[in-house]
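**Q** Questions regarding the structure given below will be posed in turn.
Laboratory data are not the source of any read-out in this text; all were calculated from the coordinates shown. Given the structure is predicted, the values throughout are model-derived calculations rather than measurements. For neighbour counting, all protein chains shown are included, and Cβ atoms are generated from backbone atoms with ideal geometry for every residue, glycine included.
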Amino acid sequence: MARLEVDILTLFPRMCAGYLGESILGKAQEAGLLAATITDIRDHATGKHRVCDDAPYGGGAGMVMKPEPLVEAIEAARARLPGAWVVLTSPRGARLDQALARRFAEHGRLILACGRYEGVDERVMTAVDMQVSIGDFVLTGGELAALCVVDAAARLVPGVLGNAASADAESFAGAEGLLEYPQYTRPPEFRGMRVPEVLLSGDHRRIERWRRREALRATRERRPDLFTRVSLPESDLRLIDAGDDEL
Ligand code: SAM
């Protein structure tokens with residue numbers, strides 16, 4: 001029997017429990033067609049206060065989720081769900097659409113990591129298989145996005161919907177703007193990966209140029225559809241291929 005197994009990694013477990021326990025998803029769990037675990041990322045944090053966030057390197061507003069608790073939560077979830085795809089919810093990710101929901105349903109095992117604050121330390125990406133966005137808008141956290149993924153995929157598991165035909169012939173859409181640059185917080189070195197030197201330099205002009213360049217590159221690489229729609233000044237076209245020594 002096909003079924004969907006998911007583990008949602010969140011700093012706010014209660015936000016997800018209610019939604020998953022009700023209606024079609026609740027019934028799918030009772031029927032064994034959906035197995036949903038909710039993991040509190042804070043359980044993987046250390047220290048008296050089990051801190052999971054810290055200030056961004058390079059300055060700026062808000063806090064960034066530290067890499068250690070989230071990566072350790074991902075590793076523990078991978079051990080529980082071998083072969084699962086690890087999906088980070090992020091406005092910088094690939095857009096969730098029905099084709100992707102179908103791939104998730106067919107794969108059958110997902111670990112969904114929920115960001116909070118200004119997002120997660122970029123080094124977490126090494127523990128992630130893909131990043132998924134639910135649209136070109138910014139939520140306060142990834143819980144709603146994770147629930148969108150679970151909901152969209154679970155209803156494609158045979159037997160979850162009362163009327164199988166109601167999952168057929170459904171619809172979707174498009175957007176604009178640059179993607180965000182990578183974020184880093186302490187520690188300066190994590191598993192051999194160092195924070196880019198420019199962010200430690202204290203040189204705000206260089207930091208701004210580095211961020212702009214990384215945003216341009218990320219958008220060009222991941223969302224060429226958005227990139228071709230944005231009208232860029234000559235200075236951006238020079239910056240995008242500039243080396244660190246030219247910032
Ligand atoms: N500073 C980030 C940016 O501009 O890209 C936004 C961070 S947001 C306030 C906090 C978290 O909410 C993100 O790390 C992500 O997990 C989640 N989130 C926000 N908007 C989302 C979206 N459209 N799709 C998926 N997740 C989203």
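**Q** Let a ≥ b ≥ c be the square roots of the eigenvalues of the Cα gyration tensor of the stretch 206-247; is it rounded (a/c under 1.5), or, if not, prolate (a/b larger than b/c) or oblate?
**A** In terms of gyration-tensor shape, prolate.
**Q** Can I ask one more? Take the stretch 24-165, compute every pairwise Cα distance, and split them into 5 Å bins from 0; I just need the percent in each bin.
**A** With a bin width of 5 Å, the distribution comes to 2, 10, 18, 21, 20, 14, 8, 5, 2, 1, 0.
**Q** For Val51 and Glu197 in the same chain, what is the full-extension length gain: residue separation times 0.36 nm, less their Cα-Cα distance, in nm?
**A** Result: 50.1 nm gained on full extension.
**Q** Please give the charge dipole size of the stretch 78-148, origin at the Cα centre, charges +1 on K and R Cβ atoms and -1 on D and E Cβ atoms. Round to the nearest 20 debye.
**A** Charge dipole of the stretch 78-148: 260 debye, to the nearest 20.
**Q** Where in the chain are the DSSP H helices whose C-alpha atoms run 15 Å or more along the long axis and whose mean Kyte hydropathy is at least -1.0?
**A** 67-80, 143-154
**Q** Based solely on C-alpha atoms, express the radius of gyration and the Dmax of the chain in angstrom.
**A** 19.4, 60
**Q** Name the most mobile residue of Thr219, Thr39, Thr89, meaning the one with the largest mean-square fluctuation, in a Gaussian network model of the chain with Cα contacts below 10 Å.
**A** Maximum among the listed residues: Thr219.
**Q** With the dipole of the chain worked out from charges on the C-beta (+1 for Lys and Arg, -1 for Asp and Glu) around the Cα centre, which of Ala28, Gln183, His204 lies farthest toward the positive end?
**A** Ala28
**Q** On average over all directions, what projected area in square nanometres does the stretch 172-246 have, based on the convex hull of its Cα atoms?
**A** For the Cα atoms of the stretch 172-246, the hull's average projected area reads 6.6 nm².
**Q** Just to be sure I understand: with springs between alpha-carbon atoms less than 10 Å apart, which residue in Ala146, Ala31, Ala113 has the highest mean-square fluctuation in the Gaussian network model of the chain?
**A** Top of the fluctuation ranking is Ala31.
**Q** Shifting gears a bit: Determine the gain in length on full extension of the stretch Leu144-Asp241; use 0.36 nm per residue of separation and subtract their C-alpha separation, reporting nm with one decimal.
**A** Contour length minus the Cα-Cα distance gives 31.3 nm.
**Q** Sticking with this structure for a sec: Could you work out the helix-only [θ] at 222 nm for the chain, with each DSSP H run of four or more residues adding -39,500 (n - 2.57) and the total divided by the number of residues, to the nearest 500 deg cm²/dmol?
**A** The per-residue figure over the chain is -10500 deg cm²/dmol.
**Q** Right, another one. How much length is gained on full extension from Leu161 to Asp129, taking 0.36 nm per residue of separation minus their Cα-Cα distance?
**A** 8.7 nm
**Q** Taking amide H atoms as placed 1.01 Å from N in the peptide plane, list the residues 5 or more away in sequence, or in a different chain, whose amide H sits under 5 Å from that of Ile8.
**A** Thr37, Ile38, Thr39, Leu112
**Q** To continue, here is another question. Looking at the chain as a GNM with Cα springs under 10 Å, which of Glu143, Glu68, Glu221 has the largest mean-square fluctuation?
**A** Per the Cα network of the chain with a 10 Å cutoff, Glu221 tops the list.
**Q** Also, quick follow-up: Could you list which residues have their amide H under 5 Å from that of Gly115, counting only those 5 or more apart in sequence or on another chain, with H placed in the peptide plane?
**A** It is Thr89, Gly142, by chain and number.
**Q** Taking a virtual spin label 7 Å from the Cα of Met63 along the C-beta vector, which residues in the stretch 6-31 bring their backbone nitrogen under 16 Å of it?
**A** 10-13
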